[in-house]
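Step one of this worksheet: look at the structure below.
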Amino acid sequence: MPTAAKTGNEAMAEAMRQINPDVVAAYPITPATEIVMIFASFVADGLVDTEYIPVESEHSAMSACVGASAAGARVMTGTSSQGLALMYEILPIASALRLPIIMSDVNRALSGPINIHCDHSDTMAARDFGWIQIFSENAQEAYDNLIQAVRIAEHPKVKLPTMVTTDGFIISHCLEKIEILEDAQAKQFVGERKAEVSLLDVEHPVTLGALDLPDYYFEHKLQVAEAMRQASQHILEIAKEFEQQTGRKYDLIENYKLDDAEIAIVALGSTAGTTKAVVDELRSKGVKAGLLKIRVFRPFPAEALAKALANVAAVAVLDRADSYSAQGGPVYTEISSALYGKTKAPKLINYVYGLGGRDVTIDDIRGVFSDLQKIDKMPTFNYFGVRE
């Protein structure tokens, strides 16, 4: 399998080239611009057969994606932060219409104040729009997740739009060596989209986007919820097939030295890599530390997570977004809900961290593990890395 040095953005653009979507509609925004910019060069050089649509806004980009996908095309886009926010009006329409649009989302703080660096506030604000959400720890995972996302979104039992995220600048612009599928291998893995209905099929006309009043709206929303519930098993099936092709194993979550852990951190994205380094350090000193990394945030892996944490005494949940509710960040509230009523569950504390791209250091993570060793004296809700 070929290897290459790629940034996260280059890795995602390379995956898009191999997927060769029918349509890409996008509008530039830092730090995601490079993904579609590089892909546009593939279009210009004749390396893909894609119809590339440069639009006037992210709202228009997602609207174009909806139209193209409804016509039966395989459709992709990319965005970040305020760009994703400008799509918010259209995101739940895409999921309600069961359109398997694929998005590369580079996590960046929502304004204001204006900020171009990483946190997860953009993606977390979209967590209840009916989109599958997959987080990446590094460029390799960004590439692998995007390849798998096509199969996940287009699975006949799923048919939900899917976003694959990377941490802005930390992953998007940092160079690392990754393994890449051969073009033919990638093409075979993703296959061709077989749309069940198409607006262009005049022999079998359908209506999409109709007015849906109290008579049927509830039932149609329930179909989206049911598809999301069923998605987990198909995500795992596709991950198993991907492992057979590449040797790289994926799950809804990743357990790192968690089996006998007494204290553990739950994290998403690039912070998981920093945490692994501290876990290794503490293990060498006899401290039974571990990590649970959430890869798939939607559908939320509640049962897998509760099982993985059942025998851990104390857990810190790290949120790179604040819910401003004083009940904890979005990941913490999800985990608290998943553990509610379980006979075996850890004590939990929550940390909001890294907002607006604030650095997350080895010392920060060491401090969290230190707090876990005296969890009974700790407040439930905390911040780290902030000047107070």
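The values are calculated or read from the model by the stated rules, or taken from the named source; none is laboratory data. Here the structure is a predicted model, which means the values were calculated and not measured. Note that we place each Cβ from the backbone using ideal geometry, even for glycine, and neighbour counts take in every protein chain shown.
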Number of the condition not met by VAL278 [criteria: (1) part of a strand (DSSP E or B); (2) more than 18 Å from THR343 (Cα to Cα); (3) among the hydrophobic types (A, V, I, L, M, F, W, C)]: (1)
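Does ALA61 count as without any contact (Cβ under 8 Å) to a residue 40 or more places away in the chain, in contact with a Ser or Thr (Cβ under 8 Å, 6 or more places away or on another chain) and surrounded by 17 or more Cβ atoms within 10 Å (Cβ to Cβ)?
Working: without any contact (Cβ under 8 Å) to a residue 40 or more places away in the chain: yes; in contact with a Ser or Thr (Cβ under 8 Å, 6 or more places away or on another chain): yes; surrounded by 17 or more Cβ atoms within 10 Å (Cβ to Cβ): yes.
Here the answer is yes, as ALA61 does meet what is asked.
PHE189 - would you say it is within 20 Å of the chain's Cα centre (by Cα) and either surrounded by fewer than 24 Cβ atoms within 10 Å (Cβ to Cβ) or modelled with pLDDT under 95 (or both)?
Values: within 20 Å of the chain's Cα centre (by Cα): no; either surrounded by fewer than 24 Cβ atoms within 10 Å (Cβ to Cβ) or modelled with pLDDT under 95 (or both): yes.
Spelling it out, it is not the case that PHE189 is within 20 Å of the chain's Cα centre (by Cα) and either surrounded by fewer than 24 Cβ atoms within 10 Å (Cβ to Cβ) or modelled with pLDDT under 95 (or both).
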Scope the range 41-58; condition of a type in the set (Asp, Glu), touching a residue at least 12 places away in the same chain (Cβ under 8 Å) and within 14 Å of ARG17 (Cα to Cα); matching residues: ASP49, GLU51
Qualifying residue in the range 292-312 (condition: over 22 Å from the mean Cα position of the chain (by Cα) and in a strand (DSSP E or B)): no
Near pairs, Cβ below 7 angstrom, 6+ apart or cross-chain, from the range 134-160 (touching a residue at least 24 places away in the same chain (Cβ under 8 Å)) to any residue that is of a type in the set (S, T, N, Q) and assigned to a helix (DSSP H, G or I): ILE134/ASN145; SER136/ASN145; LYS157/GLN230; VAL158/GLN230; LEU160/SER95
Cross-chain or 6+ apart pairs with Cβ under 8 Å, the range 202-218 first and part of a loop (DSSP other than H, G, I, E, B), then surrounded by 10 or more Cβ atoms within 10 Å (Cβ to Cβ) and of a type in the set (Val, Ile, Thr): HIS204/VAL197; VAL206/VAL197; GLY209/ILE93
Extreme residue, surrounded by the fewest Cβ atoms within 10 Å (Cβ to Cβ), among residues of the range 326-373 that are closer than 21 Å to GLU388 by Cβ and of a type in the set (Lys, Arg): ARG366
